[in-house]
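See structure below.
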Amino acid sequence: MNRQCTILVTHACNLNCVYCYEHHKSRDFMSFDTACKIIKSEMQFMRGTTLYERIDFRFFGGEPLMQFLLIRDICEWTWARDWGVRYHFYVITNGTLLDSERQKWFESNKKRITIDLSVDGLDVMHRTNRGCSVRSLPIDWVKKNWPSSRYKMTISSKTLSSFADGVISLVGQGYDISSALAIGEHWSDETAREYACQWQKILKYYLTVTGGTVWKQLFKSIDSLFSNQKVQDKCCGAGDSAITYDIDGEIYPCVIFTPLVFGRDIRPDLANIQFTNPDVFADETCQDCFIRNMCKTCYGFNLQMRGKLSERDKSACKMYQLEILYIAAFQMNYIKRLSQKRTLSVLEHTRLIRVGKICDVLSPILDINRDMLQIVK
């Protein structure tokens, strides 16, 4: 397991995304000296622990490339020293500031630093969410230099109706896409019906169109649904394997807990919380939910919007159930098709039983006709 260290180099951003949760932006940025102290502290911590194989330093904002020179200087200062620790740098960026000069520097250091780019689907989707064109982004350059890159595609209520087309288009062009619902949005029964239509379109497309790459997210593991553990899995490493440094060098569990999001320092409110204890993050009302160990949530948003780390956004329940249902339905059809060509392995047979059970459990809850999920006869 890797340690995730997010470094907020600036509170400024050059875009105004519709789903942005950072409502307290400013022109403030981190100093070089503060960044050096963070690197030194984390390297010292890594030398004294056996918990992690590597530390990943993630430059974040705002838009981190608004402080490109700072990022460059921090990296070159770090690379010039022997730390005795495995580490790697990442830049989480919207990509709009990657001009030719900056591309040249990143390309010359691509084995030591990785660009993590967001692409929200079709051009119209990206424009709706982010106010800029996909065509203005150096997507092919990123793919060329970091072939295993996965592009984050955030779905807002305004782009939901184009979700399937966005996935099919980007995957068809050879991009690895990870989709996620925008956090903080209210999802209604109407949006759930639209989400079901979009997933049905994706299911049918990848089971009926021959050739080409299948969207990797459809092969997501469903094994955690069949775990015997009684406590819900924690969704992320916030405050545990993951840590965030704000521009002043102060430590927070993750970006969501910083003043950039909350508008104030909430560390006194977090002082007595054991972030390593999964019980703290378990929503008691979800204890009997079938998908509890695959369901996503944001603990920072839970605290901000509902006053408790554990209290999840129930408006998103159907949306997450639909996602899991259709992933299971794809795998059910995929394995059945395999069975028509050869004898299934024990693992494949077990998975077929499990994904079938998921479809049996979730389809009536979501009022989805079970026969509609059966594409392969």
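Restricting to the stretch 227-248, count the residues that are more than 17 Å from S310 (Cβ to Cβ) and open to solvent by 50 Å² or more (accessible area, probe 1.4 Å).
At the first step, the residues of the stretch 227-248 found to be more than 17 Å from S310 (Cβ to Cβ) are 227-228, 241-248.
Next, from what is left, pick out any that are open to solvent by 50 Å² or more (accessible area, probe 1.4 Å): 228, 248.
Residues in the stretch 227-248 being more than 17 Å from S310 (Cβ to Cβ) and open to solvent by 50 Å² or more (accessible area, probe 1.4 Å): 2 in total.
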Next on the checklist: Tally up the residues in the stretch 97-136 that are under 21 Å from E22 (Cα atoms), without any contact (Cβ under 8 Å) to a residue 40 or more places away in the chain and among the small types (G, A, S), please.
Outcome noted: 1
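Would you mention how many residues in the stretch 193-213 are without any contact (Cβ under 8 Å) to a residue 40 or more places away in the chain and either closer than 18 Å to I335 by Cβ or open to solvent by 50 Å² or more (accessible area, probe 1.4 Å) (or both)?
7
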Item to check | the stretch 69-89 residues that are open to solvent by 30 Å² or more (accessible area, probe 1.4 Å), paired with ones that are in a loop (DSSP other than H, G, I, E, B) (beta carbon under 7 Å, 6 or more apart) | outcome: W79/R112; R86/E53
Checklist entry - Considering the stretch 287-303 alone, what residues qualify as being surrounded by fewer than 19 Cβ atoms within 10 Å (Cβ to Cβ), without any contact (Cβ under 8 Å) to a residue 60 or more places away in the chain and not charged (D, E, K, R)? => result Q287, C289
Checklist outcome for this item: Picked from the stretch 2-31 (must be touching a helix residue (DSSP H, G or I) at 6+ places or on another chain (Cβ under 6 Å) and open to solvent by 80 Å² or more (accessible area, probe 1.4 Å)), the residue nearest to I113 (Cα to Cα) is F29
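For (1) modelled with pLDDT of 95 or more; (2) more than 29 Å from L160 (Cα to Cα), each residue gets a yes or a no:
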residue	(1), (2)
D248	yes, yes
L260	yes, no
T276	no, yes
D279	no, yes
T285	no, no
R292	no, no
N302	no, no
L309	no, no
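Could you run through the stretch 304-331 and say how many residues are part of a helix (DSSP H, G or I) and surrounded by 17 or more Cβ atoms within 10 Å (Cβ to Cβ)? Break it down into steps so the answer makes sense when it comes.
Taking the stretch 304-331 first, the residues part of a helix (DSSP H, G or I) are 304-306, 314-331.
Adding the requirement that they be surrounded by 17 or more Cβ atoms within 10 Å (Cβ to Cβ) leaves 304, 316-331.
Count: 17.
I want to confirm something. Restricting to the stretch 151-190 and keeping residues that are free of Cβ contacts under 8 Å to residues at least 60 places away in the same chain and surrounded by fewer than 17 Cβ atoms within 10 Å (Cβ to Cβ), which single residue is farthest from T213 (Cα to Cα)? Can you show your working first?
We begin by selecting, within the stretch 151-190, every residue free of Cβ contacts under 8 Å to residues at least 60 places away in the same chain; these are 151-153, 155, 157, 159-179, 190.
Cutting the leftovers down to surrounded by fewer than 17 Cβ atoms within 10 Å (Cβ to Cβ) gives us 152, 161, 172-174, 176, 178, 190.
Values: K152: 18, S161: 22, G172: 7, Q173: 9, G174: 7, D176: 10, S178: 14, E190: 31 Å.
Among residues in the stretch 151-190 that are free of Cβ contacts under 8 Å to residues at least 60 places away in the same chain and surrounded by fewer than 17 Cβ atoms within 10 Å (Cβ to Cβ), the one farthest from T213 (Cα to Cα) is E190.
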Checklist entry - Taking the stretch 132-150, which residues are open to solvent by less than 60 Å² (accessible area, probe 1.4 Å) and assigned to a loop (DSSP other than H, G, I, E, B)? => result C132, S133, L137, P138, W146, S149
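From M43, M66, which residue is in contact with a Gly (Cβ under 9 Å, 6 or more places away or on another chain), of a type in the set (A, V, I, L, M, F, W, C) and either open to solvent by less than 30 Å² (accessible area, probe 1.4 Å) or under 29 Å from C20 (Cα atoms) (or both)? First the steps, then the outcome.
Working: M66 fails: in contact with a Gly (Cβ under 9 Å, 6 or more places away or on another chain).
Being in contact with a Gly (Cβ under 9 Å, 6 or more places away or on another chain), of a type in the set (A, V, I, L, M, F, W, C) and either open to solvent by less than 30 Å² (accessible area, probe 1.4 Å) or under 29 Å from C20 (Cα atoms) (or both) holds for just one of M43, M66, which is M43.
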Checklist entry - Conditions: (1) of a type in the set (A, V, I, L, M); (2) in a helix (DSSP H, G or I); (3) in contact (Cβ under 8 Å) with a residue 12 or more places away in the chain; (4) open to solvent by less than 90 Å² (accessible area, probe 1.4 Å). I368 meets all but one. Number of the miss? => result (2)
Checklist entry - Listed residues F281, F290; which is more than 30 Å from I243 (Cβ to Cβ) and in contact with a helix residue (DSSP H, G or I) (Cβ under 8 Å, 6 or more places away or on another chain)? => result F290
Item to check | Selected residue [closer than 30 Å to D288 by Cα, of a type in the set (D, E, K, R) and assigned to a loop (DSSP other than H, G, I, E, B)] from E185, E190, E194 | outcome: E185
Next on the checklist: I'd like to verify a number: residues in the stretch 338-355 that are surrounded by fewer than 18 Cβ atoms within 10 Å (Cβ to Cβ), outside any loop (DSSP other than H, G, I, E, B) and without any contact (Cβ under 8 Å) to a residue 60 or more places away in the chain, how many?
Outcome noted: 8
Item to check | Odd one out for R127, checked against (1) surrounded by fewer than 20 Cβ atoms within 10 Å (Cβ to Cβ); (2) outside any helix (DSSP H, G or I); (3) out of contact with any Leu (no Cβ under 9 Å at 6 or more places or on another chain) | outcome: (2)
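The values are calculated or read from the model by the stated rules, or taken from the named source; none is laboratory data. If you're wondering where the values come from, they're calculated on a predicted model, not measured in any experiment. Every residue, glycine among them, receives a Cβ derived from its backbone with ideal geometry; neighbour counts consider all protein chains shown. Ligands, DNA and RNA are excluded from the accessible area calculation, which covers all protein heavy atoms including side chains. Shrake-Rupley method; radii C 1.70, N 1.55, O 1.52, S 1.80 Å.
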